[in-house]
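The values are calculated or read from the model by the stated rules, or taken from the named source; none is laboratory data. Since the model is a prediction, treat every value here as computed from it, not as a measurement. Here Cβ is always computed from backbone atoms with ideal geometry, including for glycine, and neighbour counts include all displayed protein chains. Side chains are part of the model used for accessible areas, which takes the heavy atoms of the whole protein and leaves out ligands, DNA and RNA. Shrake-Rupley method; radii C 1.70, N 1.55, O 1.52, S 1.80 Å.
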Amino acid sequence: MDITTILFYVFSGILLVSSFRVITARSTVHAALFLILSFFTASCLWMLLKAEFLAIALVLVYIGAVMVLFLFVVMMLDLNTDSMREGFWKHLPVAALIGALIAFEMGIVLMGGFQLAEAPVATAAQLQLGNSKLLGIEIYTSYLYPLQIAAVLLLVAIVAAIALTLRRRKDSRAMDPSEQVKVTKAQRLKIVKMAPTVAAPPAPPAAPTEGGQA
C-alpha cells in the first residue's frame, strides 16, 4: 500500500467523522467548524485526485468566504439550539428516508461518471496545458450557456436576499439618497435677518428700612 492510498483512507475517515459531527454537534458554532474541516478534507482528496483547481476553489470559495461569513452570522445571532432540536427524533425516520432516496437518485445519475474504462485519454498536448486550463476551455466552450444561466440565477438570488433583508421598520430613521442629491445650495443654508433685541435688566431688590421692615 503506497502513501497515496494511506492518505486517501485517512482523509476519508476524517471527512466521514467531521460530516457526522456537523449534524450531531449541539453547538451551531461547533457544527460550522466541523463543516469547515469537512470542506478542507474534501479539498485534500481533490488534491490526491490531481484536481488542483477544484481543491483550491473549494478552499478559497467555501472555506475562505462562505463558511467564514456563515460562522460570523451564527456567532452574532446566538441561536437557541434547544428549541431548534425539538422533535428531532420524531422526524428522524422521515429525514433518513428522504436522505437515502436522494443518495440513491444521485448514485443513478453519477454512476456513469465512474466508468474509468470509457473515459477519454488525454493527449500529450492536453497534458501540457494542465487541469485548470483544460477545465476553463471546456466550461467556456461546451458549457458556456449553462454557465451563464447559473450566473443569472445567482444574481437573482443575491438581489432576492438583499430585498428580503431591507425591510422597513417603524422605529428606524433613514434618509433617501436621491432626495439628498436634489438639494440645492440655497436649501442647504438659509440666512434669516432678525431685529436685535436686548432684554431688560432685572429690578434690584428693595433696600431694608429701619426696624427691619422693607
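If you scan the stretch 174-196, which residues turn out to be among the polar types (S, T, N, Q) and open to solvent by less than 100 Å² (accessible area, probe 1.4 Å)?
178, 180, 184
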Residue match in the stretch 71-78 (condition: at pLDDT below 90, within 29 Å of residue 132 (Cβ to Cβ) and not in a loop (DSSP other than H, G, I, E, B)): yes
Hits in the stretch 8-28 - residues which are over 22 Å from residue 60 (Cβ atoms) and part of a helix (DSSP H, G or I): 8, 9, 10, 12, 13, 16, 17, 20, 21, 23, 24, 28
Hits in the stretch 35-49 (condition: open to solvent by less than 60 Å² (accessible area, probe 1.4 Å) and in contact with a Ser or Thr (Cβ under 8 Å, 6 or more places away or on another chain)): 35, 38, 41, 45, 48
Some residue of the stretch 104-120 being among the aromatic types (Phe, Trp, Tyr), at pLDDT below 85 and over 28 Å from the mean Cα position of the chain (by Cα): yes
Residue under evaluation residue 151, criteria (1) surrounded by 12 or more Cβ atoms within 10 Å (Cβ to Cβ); (2) modelled with pLDDT of 85 or more; (3) among the small types (Gly, Ala, Ser); (4) over 30 Å from residue 26 (Cα atoms), criterion not met: (1)
